[in-house]
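For reference, the structure discussed in these notes is given below.
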Amino acid sequence: MEPVLPSAGPGRLMREPSARDAQSLLAVQMLQRAYGDAVTRRAWDEVAALFEAGARVHIDTRTRPVRELEAPDELVAFIASSLESFPFFEFTILNAVASVDGDEATGRVYICEQRCTAEGEWTQAYGLYQDEYRRRDRDWRFRRRHYHSLARTGPPVEVFPLPPLV
């Protein structure tokens, strides 16, 4: 499936989705939000349940080697270990779009992670997920995620260019 996401701009109009597509878009948005909620609560079983078996996750933090993980087990282990040094962590969706084509969908999710270390140092990490979703038996799950860091606060502040769309 070729990812075609809604975007407003010159010559591009937002079209009203069919009732079925609107239901599917709502379900995809609920999936995106369920991920943020479960990660914030560190509910690892819930995070794992949001991914298809064998889903692939690409993580590019821009400052470390790119990681290719197979979800859900490798992903949950990676996230859990990454959050160990943060007594406070909140995953916030800043903006999200999706496009549905039958039982498949694509989407982009811009996020901010609010974090505080045990020493009281507050930081923020901004990123972009480019996703593929799949519906099986009325349930939507992540099929593939491409994560790219966009910026991080203190110390040092780092800002990265937008990645190419996948």
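The values are calculated or read from the model by the stated rules, or taken from the named source; none is laboratory data. This one's a predicted model, so the numbers in the text were calculated from it and none came from an experiment. All Cβ positions, glycine included, derive from the backbone under ideal geometry; neighbour counts span all protein chains shown. Ligands, DNA and RNA are excluded from the accessible area calculation, which covers all protein heavy atoms including side chains. Shrake-Rupley method; radii C 1.70, N 1.55, O 1.52, S 1.80 Å.
Excluding ligands, DNA and RNA, the accessible surface per residue across the chain is 58 Å² with a 1.4 Å probe. Computed in the context of the full set of protein chains, the accessible area of the chain at 1.4 Å probe radius has 52% of its extent on carbon or sulfur. Taking trypsin sites (Lys or Arg not before Pro) across the range 128-166, the ones in a DSSP loop with at most 16 further Cβ atoms lying within 10 angstrom of their Cβ are 138. Among the GluC sites (Glu not before Pro) within the range 59-148, those in coil by DSSP and having at most 16 neighbouring Cβ atoms inside 10 Å are 84, 119, 121. Between residue 68 and residue 124, the modelled label-to-label distance comes to 3.4 nm, taking each label 7 Å out from Cα in the direction of the beta carbon. Put a dot 7 Å past the Cα of residue 95, heading toward its Cβ, do the same for residue 53, and the two dots end up 3.8 nm apart. With everything on Cα atoms, drop me the angle between helix 73-83 and the longest principal axis of the chain, reported from 0 to 90° to the nearest 10. It is inclined by approximately 40 degrees. Computed from backbone phi with θ = phi - 60° and the Karplus coefficients 6.51, -1.76 and 1.60, the 3J(HN,Hα) list for the range 112-117 is 9, 9, 8, 9, 9, 7 Hz; x is used for glycine and proline. Relative to the dominant Cα principal axis of the chain, helix 19-41 is inclined by about 10°.
Amide H contacts for residue 55 (H built 1.01 Å from N in the peptide plane; partners 5 or more residues away or on another chain; cut-off under 5 Å): 71.
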